[in-house]
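Any read-out appearing in this document is the output of simple, stated calculations on the displayed coordinates, not a laboratory observation. Computed from a prediction, not measured in an experiment: that's the story for all the values here. Backbone-built Cβ (ideal geometry, glycine too); neighbour counts: all protein chains shown.
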Amino acid sequence: MSAVGHHASIVGTPTRMRWADEEDTRAFAERLARSPALAGAFIALHGDLGAGKTTLVRHLLRALGAQGRIKSPTYAVVEPYVLPQFPAWHFDFYRFDDPREWEDAGFRDIFAGPGLKIAEWPDKAAAVLPTPDLDVHVVLDDDDAHRLVTVTPNTERGLELLA
Ligand code: ADP
Ligand code: MG
């Protein structure tokens, strides 16, 4: 089965979490990082500015052995990583408004190939993105101190990621 294209969706049961602080973000990232299903996974991160999406990606990439600075790809749209086990790409589609960039910048090839893909603001590229294995929604609660997180698996791989 192709890695790109919309699959018949497997609707997994959403998992809900409450992150009191960044240590909880880190714990979830480290749990994901231990999954053998992560190589080749596509994880979509939803939530307002400041929700904590990039923070989750940083902890995940660190847990996978990323060295050096982990920049938010808001301007570049994508930052590539060479990790010990597999390559990874961190996308931020906030400024993505020209679908031609999907072809021109080689994003189609990245999503068709191996490695981990993580995307912030996936709704801005919904027309071209494949179905994410996991959708992660992060919402800052009223007191702005903790995060309410919903993780939804959409594929077999997504179910494996949470197993
Ligand atoms: P986003 O990428 O969703 O815009 P960031 O990851 O840049 O958000 O986080 C915004 C701010 O929130 C940062 O200052 C970060 O340190 C803080 N933050 C992120 N996750 C948490 C958390 N779980 N608990 C407390 N603060 C957090
Ligand atoms: Mg961000």
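Some values worked out for this structure:
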quantity: DSSP-defined antiparallel bridges as percent of all bridges, the chain, nearest 5; calculated: 55 percent
quantity: Label-point separation, Arg108 to Asp142 (7 Å along Cα→Cβ), nm; calculated: 4.8 nm
quantity: Vicinal HN-Hα couplings computed from phi for the range 153-163 (Karplus, 6.51 cos²θ - 1.76 cosθ + 1.60; Hz; Gly/Pro x); calculated: x, 10, 9, 4, 5, x, 4, 5, 4, 9, 5
quantity: 17 Å reach of a label modelled at Leu49, 7 Å along Cα-to-Cβ, counting backbone N of the range 78-115; calculated: 92-97
quantity: Cβ-defined net charge surrounding Trp102, 12 Å radius [Lys, Arg +1; Asp, Glu -1]; calculated: -3
quantity: Viscosity 1.306 mPa s, 10 °C: Kirkwood-radius Stokes-Einstein D of the range 27-102 over Cα pairs, µm²/s; calculated: 120 µm²/s
quantity: Per-residue ³J(HN,Hα) for the range 50-67, Karplus 6.51 cos²θ - 1.76 cosθ + 1.60, θ = phi - 60°, Hz, x for Gly and Pro; calculated: x, 5, x, 5, 4, 4, 4, 4, 4, 5, 5, 5, 4, 5, 8, x, 5, 9
quantity: GNM result for the chain, Cα springs below 10 Å: residue of Ala29, Ala51, Ala145 fluctuating most strongly; calculated: Ala145
quantity: Sum of side-chain charges, Ala33 neighbourhood, beta-carbon under 13 Å (Lys, Arg +1; Asp, Glu -1); calculated: +4
quantity: Listed residues Val151, Val82, Val128, most fluctuating in the chain (Gaussian network, C-alpha, under 10 Å); calculated: Val82
quantity: GNM result for the chain, Cα springs below 10 Å: residue of Thr54, Thr152, Thr15 fluctuating most strongly; calculated: Thr15
quantity: Extension gain from Arg31 to Arg18, taking 0.36 nm per residue of separation minus the Cα-Cα distance; calculated: 3.2 nm
quantity: Residues Thr150 and Arg95, FRET efficiency given R0 of 25 Å [Cβ-Cβ distance, rounded to 0.05]; calculated: 0.50
quantity: Descending semi-axes in whole angstrom, ellipsoid equivalent of the chain, from the Cα gyration tensor; calculated: 22, 18, 17
quantity: DSSP-assigned coil residues among trypsin sites (Lys or Arg not before Pro) in the range 55-163, each with at most 13 further Cβ atoms within 10 Å; calculated: Arg69, Lys71
quantity: For the range 6-65 versus the range 91-163, the gap between their alpha-carbon centres in whole angstrom; calculated: 10 Å
quantity: Loop sites in the range 17-53: trypsin sites (Lys or Arg not before Pro), DSSP, at most 12 other Cβ within 10 Å; calculated: Arg34
